[in-house]
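Read the figures in this text as sums done on the coordinates, not as results from a lab. Only a predicted model underlies this, so the values are computations on that prediction, with no experimental measurement involved. We place every Cβ from the backbone using ideal geometry, glycine too, and count neighbours over all the protein chains shown.
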Amino acid sequence: METRGEDGIESALAVVTFYQNNVAQADTKIGFLCVAQVGFAMALVNGKPPATPDFLPTLIPLLACSFAFLASGYHLFRALRPRMRFWDEGRMIGGFLTPRPKNPLTSDEVWRMAEVLSGIVSAKNWHIQRCIPWLAFLLSLIVANGLSGIILG
């Protein structure tokens, strides 16, 4: 059993460092997904639509791409700024809990900080997981639209 002395705060700080690294890794994933989303949108804008006299074959892929773009963008935005709720003395509050400034940091406060960071990592990765299928759908629509433009001429 660990005491609440020096060992308790060192292990708590190690866990906080671990979760801070996980937050940084999730932010890197979000950055790559943002670049992919913008790249896919640019490919759609620069692509050649099928040359048909009817507007319906052009409108349906455009609407599907717009929906996929908005859905993936929503999850990317939520991954950048996850909405967190915390319990403090029996009531739910929003935002971050701040330690008392005049007292030294205790291991309990560091463990609470680790819990907050784990919640942030969990929320970010949940939205990243929801974003990737929408981006894959967007890419498949763009490729199909490009191929139909080549095939139909």
Handout entry: Segment T106-A41, length gained on full extension (0.36 nm per residue, minus Cα span)
Key = 18.5 nm
Exercise for the section: Give the peptides 67-77, 16-26 in descending order of average Cβ contacts within 10 Å, highest first. Expected result: 67-77, 16-26
